[in-house]
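The values are calculated or read from the model by the stated rules, or taken from the named source; none is laboratory data. Just so it is clear, the model here is predicted, and its values are computed rather than measured. No Cβ is skipped: glycine too gets one built from the backbone with ideal geometry, and neighbour counts run over all protein chains shown. Protein only, heavy atoms only, side chains kept; ligands, DNA and RNA dropped before computing areas. Shrake-Rupley method; radii C 1.70, N 1.55, O 1.52, S 1.80 Å.
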Amino acid sequence: MKPAIISCAITGNKTTREMNPNLPLTPLEQGIAAEQAVLAGASIIHLHVREDDGTESHRLERFEESVYEITKRVPEAILEVSTRGAAEDSMVYRGNCLDLRTEMCSLNIGTLNIGDEVFLNPPSEVFPLIEKIYASGSIPELDCFDIGHLEQAKSLLQRGILRGPLHFLFVLGIPGGVSGDIRNLLHFLAMMPPDAHWSAVGIGKHQLPVAVHTLLLGGNIRVGLEDAVWYRKGELARSNAQLVTRVAEMSRELGRPVATPDEARKLLGISKRQPVFSQPVFKRPSRSVLTRRRMSHASSA
Ligand code: ZN
C-alpha cells in the first residue's frame, strides 16, 4: 500500500480560541504547532494567518512571520498557504502569500454559499490568481466543497487554464457543500481525472470517519484544528499534533506507512525549495528538526 500523506491545517480562518483554547494564532504558536504536527507525522502544513486580535489576515508580512517561525523549526515541511478569503477581500489581497513562493497553495475556483455567507470566487478574479500561482511555481490544491467544483476544474484543465496532474482536496461536511456522507467521497473519486492526486477532509464530527475511509481508499488525509476542534464528542483536541498522531497510528495499523515530507514531495511531484522572504530580518532556516533528532538518536546509540 502506498504511503499516506498527512496534511495538518493548524489554524484556519474561522476557528477561534473560544471554540478551542489550544488553537495556535500567533506566528510563534504556529511555528511550535507545526513542529509538533510534523514530528507526529504531518508532511504538509496548511496555513492561514491571523492578526494579534485573531482576525483573518492576508498581509504578506504576517505570512512571512509565520512561515519564518515554521521553517526555522521544520524546514523539511511542505508549506501550503491559503488563498481563501472573506467576501470583502480582493483576490489580489488573497494572493499576497504567493510572494513567498511556498511549494503549495490552496485554490478555490467555485463560488458557494457556506452557511449564511457567500464564498465568492468569480472567474474574472480567479483566473489571474491562477496565473500568479503558476508564475510563483506553487502547486495549487483545489478545494472541492461540491461536485461542481470538480467539474469546473476538469473544464479549466481542458481549456489550459489549470495544468495537470491536478491536486484535489475533497471537503466533506461544510454547510452548503456536500455532506459528510461517504457516498459523496466515492462520487468525487468516480468523477476525478485518473491521473489526479487527491486528499480528503471531513469537517467537525466527520473528520475521523472521512479520514478512515480515505486511508482505506488509498487517498491522503487532512486533519487539524481548522477543520475540527474536537478530538471526540465532548472532548476538545489538546493540539494539532494529537489529531495527527491519531490518524498516523491508524494509517500504520491499516498497512499504510506515513509519508515523510520528502516522500510526499516525490509522490506529489513537488520539487523541494525554501520560501523566499522579502524582509532581510528572516534569515535562512536552521537545520531540520528531524535531522537533529536522527543525529541525537545516532549519537546516543
Ligand atoms: Zn484552510
Partners for Lys2 among aspartates and glutamates (Cα-Cα distance below 12 Å; same-chain residues under 8 apart left out):
Glu263
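Give the relative contact order (percent, whole number) for segment 1-160; include only Cα pairs under 8 Å separated by 6+ residues.
Details: 248 pairs, mean separation 28.3, N = 160.
Reported as a whole number, the value is 18 percent.
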Would you give the gap between the C-alpha center of segment 125-156 and the C-alpha center of segment 223-281, rounded to a whole Å?
22
Given labels modelled 7 Å from the Cα in the Cβ direction, how far is it in nm from Glu61 to Leu236?
3.1
Please give the solvent-accessible surface of Lys14 in Å², to the nearest 10, using a probe radius of 1.4 Å with every protein chain present.
110
Give the cross-link partners of Lys72 among the lysines, using a straight C-alpha distance below 27 Å as the criterion and excluding same-chain residues fewer than 8 apart.
Lys14, Lys132, Lys266, Lys272, Lys283
Please give the residues of segment 30-55, grouped as numeric ranges, whose backbone N is less than 16 Å from a label point set 7 Å along the Cα-to-Cβ vector of Lys14.
48-49, 55
Carbon/sulfur fraction of accessible area - the chain, other protein chains in place, 1.4 Å, %
55
So what's segment 1-159 giving for Rg/Rh, alpha carbon basis, Kirkwood Rh from the mean inverse pair distance?
0.96
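For the chain, what D do you get in µm² per second when you plug the Kirkwood radius from alpha-carbon pairs into Stokes-Einstein at 4 °C and 1.567 mPa s? Intermediate values should be presented prior to the final figure.
On the way: Rh = 19.2 Å.
It comes out at roughly 68 µm²/s.
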Working with all protein chains in place, sort Ser179, Ser199 by solvent-accessible area computed with a 1.4 Å probe, largest first.
Ser179, Ser199
Would you tell me the accessible area of Met91, worked out with a 1.4 angstrom probe on the heavy atoms of the protein chains, in Å² to the nearest 10?
10
Short version: ³J(HN,Hα) in whole Hz for each residue of segment 161-178, in order, from phi by Karplus 6.51 cos²θ - 1.76 cosθ + 1.60 (θ = phi - 60°), x for Gly and Pro, what are they?
7, 9, 10, x, x, 7, 10, 10, 10, 8, 9, 10, x, 7, x, x, x, 5
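Applying 1/(1 + (r/R0)^6) with R0 = 22 Å to the Cβ-Cβ distance of Arg163 and Ser124, what FRET efficiency is obtained, to the nearest 0.05? Spell out each step's value before the answer.
Values: r = 20 Å, r/R0 = 0.91.
Once the sixth-power term is evaluated, E becomes 0.65.
Would you calculate the convex hull of the Cα atoms in segment 138-252 and tell me its volume per residue in Å³? Before the final figure, lay out each step's value.
Details: hull volume 12.4 nm³, N = 115.
Spread over its residues, the Cα hull of segment 138-252 gives 108 Å³ apiece.
Please work out the ratio of the alpha-carbon Rg of segment 38-131 to 2.2 N^0.38 Å and round it to two decimals. Could the numbers behind the result be given before it?
Details: Rg = 14.0 Å, N = 94, 2.2 N^0.38 = 12.4 Å.
For segment 38-131, the normalised Cα radius of gyration comes out at 1.13.
Percent antiparallel among DSSP beta bridges with both residues in the chain, to the nearest 5?
Values: 7 of 37 bridges.
Of those bridges, close to 20 percent are antiparallel.
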